[in-house]
Amino acid sequence: MADYFPEEVIHEILLRLPIKSLIKFRAVCKSWWSLIKSPTFIHTHLSRRTAQSSNQNDGHLVLLNALPEKVDAACQLGELFSLHWDNPEFDEYTELVNPFIYHNTAYFPKKITFLLENFHVVATFNGLICLAADFATIIWNPSVRKFMFLPRPRIPFPTDYIRKFMIASYAFGYDSRTDDYKVLRIVSDLLSEAPCEVEVWSLARGSWKTLSAAVIPADFNPAGITLRYRQVFVNGVTHWQQSLKNEGNCIVQFDMVNEVFGKITVPDALKRKNCFMSRYGESLALFETYDEVSEGLNAITCIHMWVMKEFGVPESWTKLMSICLEGTLIAPFGFRRSCELVFRMYGGMLLSVDSKTKQVKEFKTDGYRYHFMDSFVESLVLLGQTNAISY
């Protein structure tokens, strides 16, 4: 083909193709395979797809992680992952092939039953899904059907009685300066006031690095917050909501580029209130909640939604919406491009709220218990990673 088209033309054509086509065409010849798996091509292809998706109203995908309400006893792995178009119908794009049924479980410690339910989704970014459990961390790209186990962390995790009082929390994000993906691991002790220990794994480096205690805030206590459900990654920074004894509510952040911690103040009106945090577009949202009881004794949750209009500027916090929902709110669950917010209610029901019109409707579950929801973009990341496992 190079005899008919210049290499730069072939390069441009390949950059315009979808992931599925590129996976097939890598077998055409060695030069195509070398090109498609190169870091420069992967980065450029992802940048173009992201830009193209931003300019389309119907080109966005949402990743869902769910467990059937009734798990088949014959099914070893009940947990499912699927991609949906982020359109009004929420049509299914594809169901993702579970990779772990193809892997030898000898990697895991003895007496550990390897089930997907052992893992929770930490986060997803640029087509990668980070899954974590006490005994392993996995980076998975379902688009190229590759995954990799992270090396064993440097900070040990007890296996005896003390283990019950230790918490290992995780965060996942992207370093745009070096085009690198990082996992943050935080180990803290429920019984001790000692500072937590923190380490960072880098895909480019391929190893863990322990952070100095000097860069970890003395009052940062992951054991006191549910990091598993409240990580919010926006603009290269991971955020958690935390309540401090002297300050009340605040937002702790970790910059994935510079690997430093910081804090964002919340509106004074929210410092002593019951709040949840979520991503809202490319910024942050806080939800002040309180319960009311209707005449029929049905639970009512009232929500005041605050949005940081200018990311990183605490003075830009603005109350955007107030609404009351029937039922008891568990936590915000997801955000859609149409500015719809999805809330998890007590009993497993999901409610979708249009932040502009305040229209409320039940989010379809189709017999599944959803655990995770976030936007997703297909990518080639991990395709050229030599230590990634293909399935």
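The values are calculated or read from the model by the stated rules, or taken from the named source; none is laboratory data. Remember, it's a predicted structure, so these values are computed and weren't measured experimentally. Here the Cβ is made from the backbone with ideal geometry for all residues, glycine too, and neighbour counts use every protein chain on show. For accessibility, only protein heavy atoms count, side chains too; no ligands or nucleic acids. Shrake-Rupley method; radii C 1.70, N 1.55, O 1.52, S 1.80 Å.
A few points about this structure:
- Complete set of residues in segment 3-26 that are outside any helix (DSSP H, G or I) and more than 18 Å from V381 (Cα to Cα): D3, Y4, F5, P6
- Of all residues in segment 98-142 being open to solvent by less than 10 Å² (accessible area, probe 1.4 Å) and of a type in the set (S, T, N, Q), the one that is modelled with the highest pLDDT: N141
- Residue ranges of strands (runs of 3 or more DSSP E) in segment 301-391 with at least 2 members over 19 Å from the mean Cα position of the chain (by Cα) and of a type in the set (S, T, N, Q): 317-326
- Of all positions in segment 308-326, none carries a residue that is of a type in the set (S, T, Y), surrounded by 14 or more Cβ atoms within 10 Å (Cβ to Cβ) and farther than 24 Å from P88 by Cα.
- Top-ranked residue in segment 327-354 [being open to solvent by 40 Å² or more (accessible area, probe 1.4 Å) and not basic (K, R); ranked as farthest from Y290 (Cα to Cα)]: S338
- Some residue of segment 355-369 being modelled with pLDDT of 90 or more and either open to solvent by less than 40 Å² (accessible area, probe 1.4 Å) or in contact with a helix residue (DSSP H, G or I) (Cβ under 8 Å, 6 or more places away or on another chain) (or both): no
- Pair list, Cβ < 6 Å and 6+ apart or interchain, from segment 143-163 residues that are surrounded by fewer than 13 Cβ atoms within 10 Å (Cβ to Cβ) and assigned to a loop (DSSP other than H, G, I, E, B) to residues that are at pLDDT 65 or above and not basic (K, R): P158/M166
- Any chance N258 is under 24 Å from L211 (Cα atoms), open to solvent by 20 Å² or more (accessible area, probe 1.4 Å), free of Cβ contacts under 8 Å to residues at least 60 places away in the same chain and assigned to a loop (DSSP other than H, G, I, E, B): yes
- Long-range neighbours under 7 Å by Cβ, at least six apart or interchain, first residue within 18 Å of E292 (Cβ to Cβ) within segment 302-321, second open to solvent by 40 Å² or more (accessible area, probe 1.4 Å) and assigned to a loop (DSSP other than H, G, I, E, B): M321/K358
- Qualifying residue in segment 381-390 (condition: touching a residue at least 24 places away in the same chain (Cβ under 8 Å) and either hydroxyl-bearing (S, T, Y) or closer than 30 Å to M321 by Cβ (or both)): yes
- Of the listed requirements (1) buried (at least 17 other Cβ atoms within 10 Å of the Cβ); (2) part of a loop (DSSP other than H, G, I, E, B); (3) touching a helix residue (DSSP H, G or I) at 6+ places or on another chain (Cβ under 9 Å); (4) not aliphatic (A, V, I, L, M), F220 misses just one: (3).
- Filter pass, L64 being in contact with a Leu (Cβ under 8 Å, 6 or more places away or on another chain) and either at pLDDT 85 or above or under 30 Å from P6 (Cβ atoms) (or both): yes
- When segment 22-46 is limited to residues that are of a type outside the set (A, V, I, L, M) and open to solvent by less than 60 Å² (accessible area, probe 1.4 Å), the one that is modelled with the lowest pLDDT turns out to be C29.
- Unique match (being in a strand (DSSP E or B), open to solvent by less than 60 Å² (accessible area, probe 1.4 Å), aromatic (F, W, Y) and modelled with pLDDT of 95 or more) among Y174, Y170: Y174
- Restricting segment 1-18 to residues that are modelled with pLDDT of 85 or more and of a type in the set (D, E, K, R) leaves a set whose member that is least open to solvent (accessible area, probe 1.4 Å) is E12.
- Filter pass, V187 being surrounded by 12 or more Cβ atoms within 10 Å (Cβ to Cβ) and at pLDDT 90 or above: no
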